[in-house]
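Visitor: Please find one structure pasted underneath; my questions will follow.
The values are calculated or read from the model by the stated rules, or taken from the named source; none is laboratory data. As the structure is a computational prediction, the values presented were derived from the model and not from experiment. FYI the Cβ positions are ideal-geometry reconstructions off the backbone, even for glycines, and counts take in every protein chain you see.
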Amino acid sequence: MTEKKKKTLAQSMGITRTVIRDPEESDIQLREDRIGRYFKKYLNKFVFDEFSPKFMEQSKAGDLMKGVPIPLRKKDLKAFAGGEGLPMLVIAENMTWVMGCDPHFKHTKDYVAILSKLYNYKLYEGMMKEGRDAAERGAMDDACIHFRAALCMKPDYLHAMYSYARACRAMYLNSRNEEYVGRFKAEALDYFELLTETHPRFAQGFYYLGYAYLNMGLYIKADLTWREFLRFSRNGKDKKEIRTRLQQLQGPVQIERGYNDVMSGRYEEGKARLEPFLNSQFNSWWPLYYYLGVAYEMTGNKSQAVASFKKVLTMNASHLETMKELVAIYEQEGDRENRRKYEKKMELIRKTQEEDQKAFKKEIEEEDKRLQEQEPENQEPEFIEDVKEESEEGSGRKRKIRRLDKK
């Protein structure tokens, strides 16, 4: 008789959704840095020097300090060079800024090693707390930099992962620049996903990830994600809100499944799912008519397909994919006049879009350059609530988190 395999803690609690990403995707020191371009301007505030032999001899991290450049602000230079010296916590804060601005900096690993030996977990908790304090002032660059530094110290640190994703979310919601919004939105989404994969019992990760999917029109993913939230959350108010959202999602989820049927070649199933919604509150959704048009076309009902595609164009007059479908149908039917009609429309729309895109691209690039070079004004405060330890795996303890400037 084979020995029964012992279950992990997660498995014993019914948690089977465990994902382990490669470090190149999960470690902020290794993964692509989508948003670092907006923080590197702060590195201009630092100059670099080295620890003195005497200082290294007296420090318990002295063996790690040799040859490592130390970041100093201009105001620190006199104290660092003078007899009174510079408190190590000031140097630690400077290292925090450098790591947070550029996790790929070649000495980030050295800073992590030094700070870990001197302060252990207390320092990255302090970084996170500094970040949250900055977020409450609306100083979101400051907040983001501290969260990123904490993630350099501990890539799977729940508090920093959640706070960083929340900060990125707040920052893209506050911007109108397409490039900036795209980068911060992608980073927020990726970190909410990574958070739920790394800490699958932490309910708030699923709460915000569900909204991210909803805003992208990914209704099935939003539905599944919010069901996980309900499974783990103890917040009655939030659970009531999400139950209402799930009720509202029932129709969109079925419509998206219909879209998926059509895209997968299950045209009859797609029609069966989608046709009931023609007489519903969702009959103003142009994609409903587009996918039904494709299903009709592929099942031989060309007249209904044409009617559906023309309906799309009354709602979204520049939808090129719909025009391509109409051109294909008219070409098959030998209707040269209508085929040329839509080909000309497509040519005109493409030309207009290219011109608009060119002009808009220049404007976006100029604004994005300004965002990279200038420090932003404070935005609306972002209050990131404390994470209860009871929501974390294998921990029932509560521990007070201190700022960097507190011993």
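Visitor: On the basis of being of a type in the set (Gly, Ala, Ser), more than 17 Å from ALA188 (Cβ to Cβ) and either in the same structural domain as MET88 (by TED's automatic domain parsing) or over 16 Å from the mean Cα position of the chain (by Cα) (or both), does GLY131 make the cut?
Guide: Here the answer is no, as GLY131 does not meet what is asked.
Visitor: Could you tell me which numbered condition ASN177 fails, if it satisfies all but one of (1) over 15 Å from the mean Cα position of the chain (by Cα); (2) surrounded by 23 or more Cβ atoms within 10 Å (Cβ to Cβ)?
Guide: (2)
Visitor: Let me ask something else. Just give me the residues in region 244-283 being aromatic (Phe, Trp, Tyr) and within 19 Å of MET216 (Cα to Cα), in sequence order.
Guide: Passing the criteria: TYR259, PHE282.
Visitor: Is it the case that some residue within region 202-213 is surrounded by fewer than 21 Cβ atoms within 10 Å (Cβ to Cβ), over 25 Å from ASP27 (Cα atoms) and not charged (D, E, K, R)?
Guide: no
Visitor: Taking only region 19-48 into account, find how many residues are in contact with a Pro (Cβ under 7 Å, 6 or more places away or on another chain) and of a type in the set (D, E, K, R).
Guide: Going through region 19-48 one residue at a time, the tally reaches 2.
Visitor: Let me ask something else about it. Find the residue count for region 113-140, including only residues that are part of a helix (DSSP H, G or I) and surrounded by fewer than 21 Cβ atoms within 10 Å (Cβ to Cβ).
Guide: Final tally of qualifying residues: 10.
Visitor: Mind telling me which of the residues THR225, THR196 ends up being β-branched (Val, Ile, Thr) and under 18 Å from GLU25 (Cα atoms)?
Guide: THR196
Visitor: Based on what the data block shows, is LYS302 of a type in the set (Lys, Arg), buried (at least 16 other Cβ atoms within 10 Å of the Cβ) and modelled with pLDDT of 95 or more?
Guide: When the stated conditions are applied, LYS302 does not pass them.
Visitor: Then there is this: Which is among the polar types (S, T, N, Q), closer than 21 Å to TYR157 by Cβ and either at pLDDT 95 or above or outside the structural domain of ALA165 (by TED's automatic domain parsing) (or both), of THR198, THR225, THR244?
Guide: Selected residue: THR198, the only one of THR198, THR225, THR244 that is among the polar types (S, T, N, Q), closer than 21 Å to TYR157 by Cβ and either at pLDDT 95 or above or outside the structural domain of ALA165 (by TED's automatic domain parsing) (or both).
Visitor: Moving on to the next point. Please indicate, with yes or no, whether at least one residue in region 220-227 is surrounded by fewer than 23 Cβ atoms within 10 Å (Cβ to Cβ) and under 26 Å from TYR42 (Cα atoms).
Guide: no
Visitor: Of the residues GLU187, GLU178, which single one is closer than 16 Å to PRO103 by Cβ and acidic (Asp, Glu)?
Guide: Residue meeting the stated conditions: GLU187.
Visitor: So, of the residues in region 243-288 that are in contact with a helix residue (DSSP H, G or I) (Cβ under 8 Å, 6 or more places away or on another chain), over 17 Å from GLY300 (Cα atoms) and of a type in the set (Val, Ile, Thr), which turns out to be surrounded by the most Cβ atoms within 10 Å (Cβ to Cβ)?
Guide: ILE255
Visitor: Run SER284 past the list (1) within 30 Å of TYR207 (Cα to Cα); (2) among the hydroxyl-bearing types (Ser, Thr, Tyr); (3) assigned to a helix (DSSP H, G or I) and report the number of the one that doesn't hold.
Guide: (3)
Visitor: Also: Please verify whether VAL90 is assigned to a helix (DSSP H, G or I), more than 22 Å from PRO155 (Cβ to Cβ) and out of contact with any Lys or Arg (no Cβ under 6 Å at 6 or more places or on another chain), treating the condition exactly as stated.
Guide: Yes; evaluated as a whole, the condition is true for this residue.
Visitor: Is it the case that some residue within region 73-86 is surrounded by 14 or more Cβ atoms within 10 Å (Cβ to Cβ) and within 26 Å of LEU371 (Cβ to Cβ)?
Guide: yes
Visitor: With the structure loaded, tell me whether LYS109 is within 24 Å of PRO155 (Cβ to Cβ), assigned by TED's automatic domain parsing to the domain that holds ARG148, touching a residue at least 12 places away in the same chain (Cβ under 8 Å) and not small (Gly, Ala, Ser) or whether it fails that test.
Guide: Criteria met by LYS109.
Visitor: Sticking with this one: In region 346-387, how many are outside any loop (DSSP other than H, G, I, E, B) and in contact with a Ser or Thr (Cβ under 6 Å, 6 or more places away or on another chain)?
Guide: Within region 346-387, residues that are outside any loop (DSSP other than H, G, I, E, B) and in contact with a Ser or Thr (Cβ under 6 Å, 6 or more places away or on another chain) number 1.
Visitor: Based on what the data block shows, is LYS40 farther than 17 Å from THR96 by Cα and in contact with a helix residue (DSSP H, G or I) (Cβ under 7 Å, 6 or more places away or on another chain)?
Guide: Criteria not met by LYS40.
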